[in-house]
Structures are given as C-alpha cells and as structure tokens.
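Have a look at the structure below, then the notes.
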Amino acid sequence: MSDDLIYNVTQASYLAAAALFIFSLRWLSRPETARRGVLAGVLGMVAAIIGTLVHRDITHYEWIAVGVVVGAGIGVPLSRVALTAVPQRTALSHAFGGLAAGLVGTAKYALWLADGELTAFRMGAISVEIILGFLTFTGSLMAAGKLQEVLPQRPITYRNQNFINLGLLAVAVGAGLWLVVDPTQWQLFPVIVALSLVFGVLLIIPIGGADMPTVISLLNSYAGLSAVAMGFVLENKVLIIAGALDGSSGFILSVIMCRAMNRSFTNVLFGAFGQVQAAAAAGEQKAVKSANPQDAADLLETASQVVIVPGYGMAVAQAQHRVHELRDQLVKRGIGVKFAIHPVAGRMPGHMNVLLAEAEIPYDELVEMDDINPDFPQTDVVLVVGANDVVNPAARHDKSSPIYGMPILDVDKAKSVIAIKRSMNPGFAGIDNELYTADNTVMVFGDAKAVIGDIVKALSGGSGIH
Ligand code: NAP
C-alpha cells in the first residue's frame with residue numbers, strides 16, 4: 001500500500017471510530033437502544049484499532065501480538081464476572097487504562113529526552129498524562145479492593161489529611177512544571193511518578209466503600225483526561241476524541257450520581273461518608289411487624305395497584321427472575337403492576353434497569369422516581385425488594401440524617417408496604433429506616449429470592465381467584 005493510501009485508511013478509520021463512539025454514548029442512554037449502543041462502541045473500537053495497526057509508524061508487530069494475547073488473557077475472564085461485581089471490574093479496567101497512559105508517557109519522555117526532542121508542549125502533555133495516569137492506576141486499584149472487600153470499607157481519616165494529600169499533589173504538579181521549563185532535570189520524573197502513585201492511594205483511603213461507584217466514575221473521568229494528554233503526546237486524534245468523551249461522560253455520570261444522592265463532590269471525596277453512621281446502626285431498634293410469605297401473598301391478592309421497588313438486595317439475591325414470576329402472577333389476577341426505579345438504587349447507575357431487563361420485564365412497566373411518586377398515595381401495596389436508603393422517609397424530614405435532602409421514592413405514602421430484607425441491618429448509608437416501623441409496613445425477613453419464590457408459590461398454590 002502506498003503511504004498516501006495508508007494515511008487515508010487511518011484517517012477514515014479514526015473518523016468512523018469517533019462518530020461511532022458518539023452514537024454509542026447517545027444510544028447507551030436509553031434501555032431500548034442500549035444494545036445498539038454497545039455494538040456501536042465495539043465497532044468504533046475495532047475501527048480505531050484497525051486505523052492504528054495500519055499506521056505507517058508501525059514497523060513490526062511482535063510486541064503488539066504479545067500485548068493482544070496478554071490483554072485478551074486478562075480481559076476475557078474479567079468480562080465474565082457477576083453483574084454485582086461490575087463496579088470493581090470497571091475499576092480494574094480504569095486501573096489498566098491509567099497504567100497504560102503512565103507507561104506510554106514514561107517511554108515517550110525517555111525517547112524524546114535521549115533524542116533532545118522534548119518541547120515545552122510535549123513535556124506539559126507528558127506531565128499531565130503521567131500524573132493523571134499513575135494516580136488513576138493506584139486510586140482505581142484501591143477502589144476495586146474496597147468494593148471487593150479485600151480492603152477495609154470504612155473511611156480511614158487522620159489529622160490534616162486533606163492538607164497532606166493536596167500538598168503531595170501540589171508538589172507533583174510543581175515538579176511537572178519545573179520539567180516543562182527544563183525537561184533535562186530527569187531526576188524529577190521518578191519523583192512525580194512516585195507522588196502520583198501515593199496520591200492515588202491517599203485519595204481513596206478516606207472515602208467509604210459504598211461511595212466507590214461515584215469515585216469510580218470520577219476516576220473514569222481522570223483516565224479519560226490522561227488519554228487526552230496521551231493523544232497529544234502521541235499526536236493521535238482518535239485518542240484525544242475518545243479520551244475527551246470518556247473524561248466528560250465519566251464526569252457527567254458522577255454529577256448525576258451526586259445529585260441523586262443530594263451530595264456534593266466535596267462531600268463524596270472528603271466527607272468520609274459511612275464512618276459516623278456505624279454507631280447509629282448499632283443503636284436501639286424499634287418493634288416491627290413481621291409477616292410470612294403467605295401473609296404477603298394474601299395482602300397482594302387484595303390489591304388492585306401494586307408497585308414493586310427493587311433495590312440493592314434484589315441484586316445481591318439475584319431475585320429478578322422470581323420478581324418477574326411474581327409480576328406474572330399478579331397481572332394474571334388483573335392487578336396493575338409497576339416498577340419504581342430510583343436513579344441510585346443498587347450500586348451503579350441503571351443497576352435495576354439492567355437486572356429487570358435481564359429478567360425480561362417489559363420496559364414500559366419501569367417508571368422513574370419523579371413520575372411514580374405522585375402515584376404512591378393511590379397505590380394499595382408497595383413491595384420493597386431489598387431497597388433501603390432509597391425509600392427512607394428520613395431523607396425528607398430529618399435534618400440530622402446523612403441522607404437528608406436525597407430525593408426518595410415516597411413509598412410510605414402508599415396504603416400498605418411489604419418490605420423484604422434479611423434483617424434490620426442498615427443499607428449503604430448505615431442508618432436505620434423508619435419505614436420498617438411505620439404502621440402501614442410489614443416486614444418479611446429472608447433472602448429476597450427465597451421469599452419471593454415462596455410468595456409466588458403461595459399465590460400459584462392458592463385459589464387464584466381475585
Ligand atoms: P441499600 O440502601 O444499600 O439497602 C440494600 C438493602 O438490601 C440492605 O438494607 C440489605 O438488608 C438488603 N439486602 C441485602 N442482601 C439481601 C438479600 N439477599 N435479600 C434481601 N435483602 C437483601 O440499597 P438501595 O435502597 O438500593 O440504595 C442504594 C444506595 O447506594 C443509596 O444509598 C445510594 O445513594 C447508594 N449508591 C448508589 C449508587 C448507584 O449508582 N446506584 C452509587 C453510589 C451509591 P439486609 O442486610 O437486612 O438484608
């Protein structure tokens with residue numbers, strides 16, 4: 001192939017890749033088009049890889065082949081993890097992305113230093129790339145460790161923590177600026193790398209394990225920005241575009257999650273959320289009305305409108321298929337069934353949508369929080385399946401509550417509430433839930449999958465006459 005042809009193939013592939021990435025993000029934002037979005041993203045990545053592989057700068061392919069084999073060896077098993085482990089799997093992907101950016105920056109620095117080609121612009125881009133890349137690497141590993149519970153979940157705090165952390169980052173940035181002025185001061189390079197690696201660890205230590213999904217999407221944003229810097233270093237346009245999309249979408253996602261929890265970025269990053277609530281969780285517990293699956297089935301049978309509220313517990317129990325069976329039993333009796341979806345139910349955005357879609361529950365029965373809240377006063381029975389914080393009325397009135405101000409599903413306004421969970425243990429925020437002791441609530445204790453299975457049995461074994 002002539003040089004011109006190769007150049008054109010590369011540019012056309014990059015253009016196609018950039019367009020496909022943009023369409024992918026667009027389509028991924030709605031359940032109906034999400035599969036198409038995934039396909040567009042995959043095709044975009046294939047186009048970008050083809051464009052890169054035919055690039056005239058590549059003279060031999062041995063190490064690329066080794067990279068493909070090693071990457072596939074790690075990536076294929078990683079893609080098979082359970083849905084509940086997707087947040088930590090995503091964190092690991094970001095760690096690899098950050099490490100790759102950091103290593104590419106290091107290699108480019110060494111090459112350009114030896115050839116005397118380090119301009120101020122190149123050095124600036126490399127400094128951004130290695131600081132963000134290496135801090136994303138260790139930060140994401142810490143986040144994955146916390147989510148996998150191989151590291152302590154509780155925030156670890158110490159005096160002057162923010163001052164020390166930000167001081168370390170400032171020293172790294174200062175050293176980077178020094179290198180921009182005088183790139184031959186190579187001794188500063190390992191200092192920046194070490195400080196960035198340490199900063200990544202220290203950034204995550206004070207954040208509670210339950211806040212990791214928000215932090216992960218913020219780290220996603222850092223990984224994107226380091227890819228942008230890498231794009232400038234390698235003079236690769238598709239890397240700049242894909243990095244910018246990654247960086248901004250990660251940032252937007254973190255903003256959406258913070259809003260849905262009514263928390264600020266500062267509170268997520270520096271608020272040590274999940275620490276003080278431990279004592280509250282261990283406090284006195286009020287009396288609750290406990291029922292068995294047969295009682296729950298009897299109550300459900302008397303309803304004409306039922307709203308099912310799935311939460312993290314449904315994901316843990318993998319109860320979504322049983323929930324579908326229950327829905328079928330109710331619909332068969334002419335009972336209206338809807339699913340109330342809170343934007344941060346579960347542990348990642350869209351968590352409930354994905355599980356319910358997997359169980360093939362029709363999309364049109366899934367109703368977003370703002371649309372379903374006005375319906376609760378007319379709802380006969382709300383069935384809460386392993387949801388806790390997202391239905392805690394304290395968010396509306398208790399100013400001392402850590403979740404005060406978080407928009408919630410107003411299930412307590414329904415005529416009756418059945419709440420399924422295993423114990424009186426708190427959820428993510430570590431606080432008690434007054435819904436469970438309300439007059440119109442009954443608790444059915446047990447694993448969500450088992451309990452709903454028993455309710456379905458009770459319904460199908462019963463008269464079936466409504
Ligand atoms: P939650 O408040 O964490 O409560 C989940 C409940 O499920 C627990 O109280 C637990 O009680 C129960 N549970 C666990 N395993 C169960 C099982 N096998 N069967 C039945 N119940 C089980 O969950 P949520 O109401 O979905 O709220 C999500 C929380 O995560 C919010 O506070 C949100 O701010 C936070 N968060 C979400 C995201 C996101 O993107 N979705 C991101 C960051 C933070 P037992 O132990 O007693 O069973």
Q) Once phi is turned into θ = phi - 60°, what whole-Hz ³J(HN,Hα) does the Karplus curve with 6.51, -1.76 and 1.60 give for every residue of region 70-87, x standing for Gly and Pro? A) 5, x, 5, x, 8, x, 4, x, 4, 6, 9, 5, 5, 4, 5, 9, 4, x
Q. What accessible surface, in Å², does a 1.4 Å probe find on residue 181, ignoring ligands, DNA and RNA and rounding to the nearest 10?
A. 120 Å²
**Q.** Only Lys, Arg (+1) and Asp, Glu (-1) charged, at Cβ; region 21-84 dipole about Cα centre in debye
**A.** 340 debye
Q.
For 60, 321, give me the order by solvent-accessible area with a 1.4 Å probe, most accessible first, ignoring ligands, DNA and RNA.
A. 60, 321
(Q) Exceeding 28 Å between C-alpha atoms, which entries from my cross-link table qualify? They are 146/457; 146/415; 146/413; 332/449. (A) 146/457; 146/415; 146/413
Q: Find how many whole Å separate the alpha carbon centroid of region 403-442 from the alpha carbon centroid of region 26-47.
A: 36 Å
Q: Select from 118, 187, 131 the residue farthest towards the positive end of the dipole of region 105-243; place +1 on Cβ of Lys and Arg, -1 on Cβ of Asp and Glu, and compute about the Cα centre.
A: 131
Q: Show the residues, 5+ positions off or on another chain, whose built amide H is closer than 5 Å to the amide H of residue 382.
A: 307, 416, 417, 418
Q) Roughly how tilted is helix 188-204, in degrees to the nearest 10 and between 0 and 90, from the longest Cα axis of the chain? A) 0 degrees
Q: Please determine, in degrees from 0 to 90 and to the nearest 10, the orientation of helix 320-332 with respect to the longest principal axis defined by the Cα atoms of the chain, where the helix direction is its Cα long axis.
A: 40 degrees
Q: Normalise the Debye intensity by I(0) for region 55-213, one equal point scatterer per Cα, no solvent, then take log10 at q = 0.09 Å⁻¹ and round to two decimals.
A: -0.37
Q) Going highest first, how would you order 390-401, 104-115 by mean Cβ packing within 10 Å? A) 390-401, 104-115
Q | Cα gyration tensor, region 199-238 - rounded (a/c under 1.5), prolate or oblate | A | oblate
Q: Starting from the Cα gyration tensor of region 90-171, take the square roots of the eigenvalues, sort them a ≥ b ≥ c, and report rounded, prolate or oblate (rounded when a/c is under 1.5, otherwise prolate if a/b is larger than b/c, else oblate).
A: oblate
Q. Does region 174-277 come out rounded, prolate or oblate by the C-alpha gyration tensor, with a ≥ b ≥ c the root eigenvalues, rounded set by a/c under 1.5 and, if not, prolate when a/b is larger than b/c and oblate if not?
A. oblate
Q: Could you run the Debye sum over the Cα atoms of the chain, one equal point scatterer each and no solvent, and tell me log10 of I(q)/I(0) at q = 0.11, 0.13 Å⁻¹, two decimals?
A: -0.94, -1.18
Q: Name the long-range amide H neighbours of residue 388: under 5 Å, sequence gap of 5 or more, or other chain; modelled H, no Pro or chain starts.
A: 312
Q: Take every Cα-Cα distance within region 1-129, group them into 10 Å bins from 0 onward, and report for each bin the whole-number percent of pairs it holds.
A: 11, 24, 41, 20, 4, 0
Q | Dipole of the chain [Lys/Arg +1, Asp/Glu -1 at C-beta], most positive-end residue of 320, 255, 157 | A | 157
Q.
Could you tell me how far the Cα centroid of region 355-384 sits from the Cα centroid of region 184-221, in Å?
A. 39 Å
(Q) Expected output is a single nm value to one decimal: the length gained when fully extending between residue 404 and residue 367, i.e. 0.36 nm times separation in residues minus the C-alpha distance. What is it? (A) 11.0 nm
Q. At q = 0.26, 0.27, 0.28 Å⁻¹, what log₁₀ I(q)/I(0) does a Debye calculation on the Cα points of region 380-432 give, no solvent, two decimals?
A. -1.08, -1.13, -1.18
Q: Would you kindly calculate the translational diffusion coefficient of region 292-419, applying Stokes-Einstein with the Kirkwood radius from alpha carbon pairs, for 4 °C and a viscosity of 1.567 mPa s, and quote it in µm² s⁻¹ without decimals?
A: 88 µm²/s
(Q) Explain nothing, just compute: Karplus ³J(HN,Hα) = 6.51 cos²θ - 1.76 cosθ + 1.60, θ = phi - 60°, for every residue of region 128-139 in order, whole Hz, x for Gly and Pro. (A) 4, 4, 6, 5, 5, x, 6, 6, 5, 4, 6, x
(Q) Through the Karplus equation 6.51 cos²θ - 1.76 cosθ + 1.60, θ set to phi - 60°, convert the phi angles of region 390-395 into ³J(HN,Hα) values in whole Hz; use x for Gly and Pro. (A) 6, 10, 8, x, 4, 4
**Q.** Long-range HN-HN contacts of residue 443 with modeled amide H, under 5 Å
**A.** 289, 290, 291, 419
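The values are calculated or read from the model by the stated rules, or taken from the named source; none is laboratory data. Predicted model, so just to flag it, every value in this text is computed and none were measured. Quick reminder, even Gly has a Cβ in these numbers, built from the backbone with ideal geometry, and neighbours come from all protein chains shown. Just the protein is used for accessible areas: all its heavy atoms, side chains included, with ligands, DNA and RNA removed. Shrake-Rupley method; radii C 1.70, N 1.55, O 1.52, S 1.80 Å.
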